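Taking it in order: structure first as structure tokens, then the write-up.
The values are calculated or read from the model by the stated rules, or taken from the named source; none is laboratory data. Small disclaimer: the values here were computed from a predicted structure and weren't measured. Because the Cβ atoms are built from the backbone with ideal geometry, glycine has one as well, and the counts that use them run over all protein chains shown. Just so you know, the surface numbers come from the protein's heavy atoms only, side chains and all, with ligands and any DNA or RNA stripped out. Shrake-Rupley method; radii C 1.70, N 1.55, O 1.52, S 1.80 Å.
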Amino acid sequence: MNGTAGICNHCRNMIREKEKGMKMSRRISTGPSSFIPENEIIGALPLNDSAVMFLDEEFSGRMDNLTQVMGLHPHYLQAFLRCHYYLLRMDGPLPLHYRHYIAIMAAARHQCSTLVCQHVQEFEQIGVCLDWLRGLEFCPQRLRNLNEINKILAHRPWLITKQHIQALVKTGEHSWSLAELVHAVVLLAHFHALASFVFGSGVNPDPEVTEVNGVTHDLCPPAMAGLCTCHLTNGNQANGNPLYNPDTGSELEALMERMKRLLEEREDDDASEEEMFTRFEKEKKESLLVVSAGFDEEVVPPSPVARFVDDPSFGYQDFARHGEDNPPTFKAQDYTWEDHGFSLVNRLYSDIGHLLDDKFRTACDLTYYNMASHEGVDTSMLRRALFNYVHCMYGIRYDDYDYGEVNQLLECSLKVYIKTVTCYPERTTRRMYESYWHQFRHSEKVHVNLLLMEARMQAELLYALRAITHYMT
């Protein structure tokens with residue numbers, strides 16, 4: 001029998017290279033992130049006084065790894081924690097144990113054991129229905145009915161229709177009220193997107209998350225020794241040396257020059273509506289060519305969180321696929337977060353709209369007016385390109401945005417990273433993280449991940465809330 005038969009293709013290829021005599025580095029990373037040096041994260045703490053007070057009040061001051069990495073941007077962290085805490089612990093349509101179980105179901109779609117373990121522990125501390133942790137077949141049919149929209153939202157949200165909503169709210173004894181369903185949908189989108197941030201930022205599992213009562217002995221990090229190394233480290237210890245570009249200085253200068261040129265061209269560009277649409281379609285089709293190298297589709301590393309996943313073969317497919325009838329483009333002006341989604345969630349789940357809106361705006365508006373070593377820089381153009389590129393991959397078009405800017409601002413390696421983190425985050429590696437923006441600070445790359453996370457969550461919510469609106473009308 002082949003000695004490498006029980007591991008994934010990526011690790012198998014690494015072993016073959018080693019057998020050829022190539023020197024392989026084995027970096028063991030500690031601290032909050034496997035991508036970011038610990039001293040750079042710890043050096044950014046403590047947060048400003050108001051953030052520390054908020055953490056002390058809401059979380060007894062416990063700084064888990066996710067919070068520490070996100071704490072590189074304290075202003076955003078406050079907005080995130082307010083929303084996160086409200087979703088999981090404050091008054092709302094769903095009971096507390098349902099909320100954490102839905103979080104587990106959402107995180108498991110991307111094999112995010114860090115989040116799954118965290119909420120398994122929260123579920124155990126509530127102390128009810130512990131049998132549910134044995135797998136989906138042990139939870140109520142009502143929760144199992146969420147499997148369909150969980151997988152669609154996670155991987156192909158444009159497929160959500162009012163029929164999916166109707167199936168959930170009109171199922172007799174297992175039915176959901178619209179308020180409960182909105183709460184569940186926001187939780188699903190929140191944790192799908194949070195999995196993107198965890199993988200994209202290389203957030204390490206928390207050592208404090210350990211087995212509580214024996215039900216979860218094979219779920220949490222201390223007992224995951226039976227897995228392939230790449231599942232534990234996400235490919236971050238076995239990728240060899242990071243990719244260094246000898247022309248990193250010119251890379252930054254070239255990006256800034258392109259930004260300057262685009263600003264000047266904006267004043268003279270009077271492109272027609274048809275031309276703007278053509279540029280969007282071109283970018284949408286080009287996103288098909290952006291792929292993550294080194295992964296074999298038919299081999300998926302074994303995962304202890306699979307018990308919480310229904311139909312594991314269902315995954316991301318490009319919105320615009322060659323030679324197929326594709327769904328119509330989502331025209332952002334026809335159903336916007338500001339004019340439609342916000343009011344719907346606030347009406348059915350009081351105040352969550354305000355908290356989500358604050359989180360979206362904080363991520364998109366966040367700026368320190370610098371790029372790497374350059375200060376006094378307006379980065380709004382770059383931030384919008386990152387956000388809109390994610391929405392473009394999800395088939396969402398803004399008719400007032402020139403998608404030609406995306407190709408000017410986002411290099412190929414960054415596009416690969418964006419698509420991986422957003423669409424299949426479990427494949428993200430340290431090599432991908434290090435392959436773009438070589439001169440930028442780690443905090444700037446974490447800011448990229450905040451934008452990707454919020455863009456993904458908003459895209460999922462737009463599709464789901466539009467379907468709910470169609471059902472209601």
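Measure up 162/445; 151/359; 151/445; 170/419; 331/445 against 26 Å on the Cα-Cα distance and list the ones that go over.
162/445; 151/445; 170/419; 331/445
First select every other residue whose beta carbon is under 13 angstrom from the beta carbon of residue 466; then total the charges, Lys and Arg +1, Asp and Glu -1. Walk me through the intermediate numbers first.
Numbers: positive: 162, 331; negative: 334, 339, 460.
The answer is -1.
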Exercise for the section: For region 68-162, give the magnitude of the charge dipole about the Cα centre (Cβ charges: +1 Lys/Arg, -1 Asp/Glu; no others), in debye to the nearest 20. Expected result: 340 debye
Practice task
Rounded to whole Hz and in sequence order, give me ³J(HN,Hα) for region 191-204 from the Karplus expression 6.51 cos²θ - 1.76 cosθ + 1.60, θ = phi - 60°, writing x for Gly and Pro.
Solution key: 7, 4, 5, 5, 4, 4, 5, 4, 6, x, 9, x, 5, 7
Practice task
Roll a 1.4 angstrom probe over the protein heavy atoms and tell me the percent of accessible area of region 69-187 that is carbon or sulfur.
Solution key: 48 percent
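Based on the mean of other beta carbon atoms within 10 Å per residue, what is the order of 140-151, 250-261, most packed first?
Details: 140-151: 18.0, 250-261: 14.7.
With the highest mean Cβ count within 10 Å placed first, the list reads 140-151, 250-261.
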Problem - Integer Hz, Karplus 6.51/-1.76/1.60 couplings in order for region 424-432, x for Gly and Pro - result: 9, x, 5, 8, 5, 10, 4, 4, 4
Exercise for the section: Heavy atoms only, probe 1.4 angstrom, no DNA, RNA or ligands counted: give me 434, 375, 264 ranked by accessible area, highest first. Expected result: 375, 264, 434
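Need one word for region 311-396: rounded, prolate or oblate. Basis is the Cα gyration tensor (sqrt eigenvalues a ≥ b ≥ c); a/c below 1.5 gives rounded, then a/b vs b/c decides. Write out the running numbers ahead of the final one.
Details: a/c = 2.16, a/b = 1.22, b/c = 1.77.
Taking the square roots of the gyration eigenvalues as a ≥ b ≥ c, region 311-396 is oblate.
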Problem - Accessible surface of region 350-473, 1.4 Å probe, proportion on carbon and sulfur as whole % - result: 46 percent
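How large is the accessible surface per residue of region 356-430, computed with a 1.4 Å probe and reported in Å² as a whole number?
Result: 31 Å² of accessible area for each residue.
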Practice task
May I ask for the percentage of alpha-carbon pairs in region 66-188 that lie more than 23 Å from each other?
Solution key: 34 percent
Exercise for the section: Please give the peptides 188-197, 115-124, 154-163 ranked by average Cβ packing (other Cβ atoms within 10 Å per residue), highest first, as a rough proxy for protection. Expected result: 188-197, 115-124, 154-163
Practice task
Please list the non-local residues whose amide H lies under 5 Å from the amide H of residue 371, H modeled 1.01 Å from N, same-chain partners needing a gap of 5 or more.
Solution key: 377
